[in-house]
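To start, the structure under review is shown below, and the notes come after it.
The values are calculated or read from the model by the stated rules, or taken from the named source; none is laboratory data. Only a predicted model underlies this, so the values are computations on that prediction, with no experimental measurement involved. Cβ: placed from backbone, ideal geometry, glycine included. Neighbour counts: every protein chain shown.
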Amino acid sequence: MRHSLSKPHGVSTDSNSTVANFGPAPPAVPPFIIGQSEVPPFLLPIYRSCGAQYGIPWEVLAGINQIETGFGTNLNVSSAGAMGWMQFLPSTWRAYGVDANGDGSKDPYNPVDAICAAARYLRAAGGDTDLRRALLAYNHAYWYVDEVLLYARQYGTLPAGVVGSLGELPDPLPLEKRLDRHFARTVARIARSHDVDWALILAVLRARADGGAISTDLAKVRELARLLERRERHARRLGPLVRYLFPARHKFDLTVVALARYNEAVGLRGLVEGMNAVKGRLGDRVLHSPRLDIYAGGRDDIAAGRVDVRVLAVLLYLAESYDSVTVSCLIQGHSFLTSSGNPSLHAFGRAVDISAVNGTPITGHQNPGGITEQVLRHVLALPDELQPSELISLFDLGGPSFALADHYDHIHIGF
């Protein structure tokens, strides 16, 4: 790393340069060599997390790491004194080094600390808006900038399944489960004409389909709307209304209630276009919901767009189910690693911790039939596209749910 960063946003001056020039440009890197450069899998979540935290594409961080130390395979101190995984000069490390893994030490020879420090440096150099300028601040050589971006483009072609499994996944709502736009608008129009909830109409239709394609027969939609219009006179709340509509069908009515709340959470546009298309809107709704009590750092995570759309959707789903939900952790405030030493889903914006529901703390209230079990069962009732991969508390209810002793004070929902 050959840094020169003297002013905010990476405006450099010779008088404040911290390194020597990098020297003459090497020959262009042949495409076949780049094609053979594979990113070590264990580094992918680190690039993803650090990139997301500072607004720098993970591929750029990987490109720098490849050029500087061959993904950590050559950690020799350079002739200019640059050191560690991302080749920081000691003076630059003092200014930009971070303790990203939370072990109490800022260590340039630790890949988590070093890669996040590089992301921090690039952000300070304006990398969130002008990558070329930031990379030139990182190293005063145009060939270096071109080479990093060349590698970055190569890494950007990694199979979606490889990168998606560690970073942002494709849209949670697959095309085959999305609604036809004309049908969705017609359902909403019919619902308004009968003063009933469009989300409940669609929930009943999907529950009746039992995993198959929902019926788009508008005659059936109108019949259902008339039925709901009559029944709502007897039961205005969702749960009692569904039980009144479908007596003695306990599993079915639970599915309908969950789907109706899910539909409201995602919204009609999200059901048509996919969740990623409405991520910004979902984030705004989460931030403005009077039922969601979110700590300051978590609100910053959401406002910055770093939180996975599934986390936003599940929070809105819980807000449809409870009067108040307290969020104790999203990204900020959680270490990069779990207590078992694995990369945490929190680091990628793909997890949320709930510490209280309806004013009742999770601590001391993980008894059978209590508020914690109720929340877990509501989450387990979600449709497949919003099912978490981790649902952790002191309960093991099957599926993604399992118990860990250190989750006595919160419910962890991760994707």
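Miscellaneous remarks
- Among (1) surrounded by fewer than 19 Cβ atoms within 10 Å (Cβ to Cβ); (2) free of Cβ contacts under 8 Å to residues at least 60 places away in the same chain; (3) not in a loop (DSSP other than H, G, I, E, B), the one test that Asp406 misses: (2)
- Conditions (1) among the acidic types (Asp, Glu); (2) more than 30 Å from Val112 (Cα to Cα); (3) part of a helix (DSSP H, G or I): number failed by Asp396: (3)
- Sole residue being assigned to a helix (DSSP H, G or I) and at pLDDT 90 or above, chosen from Ile67, Ile56, Ile34: Ile67
- Candidate set: the range 368-389, residues that are within 14 Å of Val357 (Cβ to Cβ) and buried (at least 16 other Cβ atoms within 10 Å of the Cβ); chosen: the one nearest to the chain's Cα centre (by Cα): Val379
- Looking across Gly84, Gly97, Gly23, one residue alone is of a type in the set (Gly, Ala, Ser) and at pLDDT below 50. It is Gly23.
- Meets criteria (at pLDDT below 90 and among the aliphatic types (A, V, I, L, M)) for Val39: yes
- Leading residue by the ranking (surrounded by the fewest Cβ atoms within 10 Å (Cβ to Cβ)) among those in the range 287-333 that are more than 18 Å from His410 (Cα to Cα) and β-branched (Val, Ile, Thr): Ile302
- Of all residues in the range 101-142, those that are aromatic (Phe, Trp, Tyr) and buried (at least 17 other Cβ atoms within 10 Å of the Cβ) total 2.
- Qualifying residue in the range 153-163 (condition: buried (at least 20 other Cβ atoms within 10 Å of the Cβ), modelled with pLDDT of 85 or more, of a type outside the set (Lys, Arg) and not assigned by TED's automatic domain parsing to the domain that holds Phe348): no
- Listed by first and then second residue, the pairs with beta-carbon distance under 9 Å, at least 6 apart or on different chains, first residue in the range 124-137 and over 15 Å from Trp58 (Cα atoms) and not assigned by TED's automatic domain parsing to the domain that holds Gln53, second assigned to a loop (DSSP other than H, G, I, E, B) and of a type in the set (A, V, I, L, M, F, W, C), form an empty list.
Per-residue answers, yes or no, for (1) β-branched (Val, Ile, Thr); (2) in contact with a Ser or Thr (Cβ under 9 Å, 6 or more places away or on another chain):
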position	(1), (2)
Pro40	no, no
Ile46	yes, no
Tyr54	no, no
Ile67	yes, no
Thr73	yes, no
Asn76	no, yes
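- Asp353 satisfies every condition listed in (1) buried (at least 20 other Cβ atoms within 10 Å of the Cβ); (2) free of Cβ contacts under 8 Å to residues at least 40 places away in the same chain except (2).
- Matching residues, the range 309-357, being at pLDDT 95 or above and among the polar types (S, T, N, Q): Ser324, Thr326, Ser328, Ser355
- Residues of the range 358-367 that turn out to be buried (at least 17 other Cβ atoms within 10 Å of the Cβ) and either of a type in the set (Val, Ile, Thr) or modelled with pLDDT under 95 (or both), as a count: 1
- For Glu264, the conditions (1) farther than 22 Å from Tyr317 by Cα; (2) buried (at least 19 other Cβ atoms within 10 Å of the Cβ); (3) modelled with pLDDT of 95 or more are fulfilled apart from (1).
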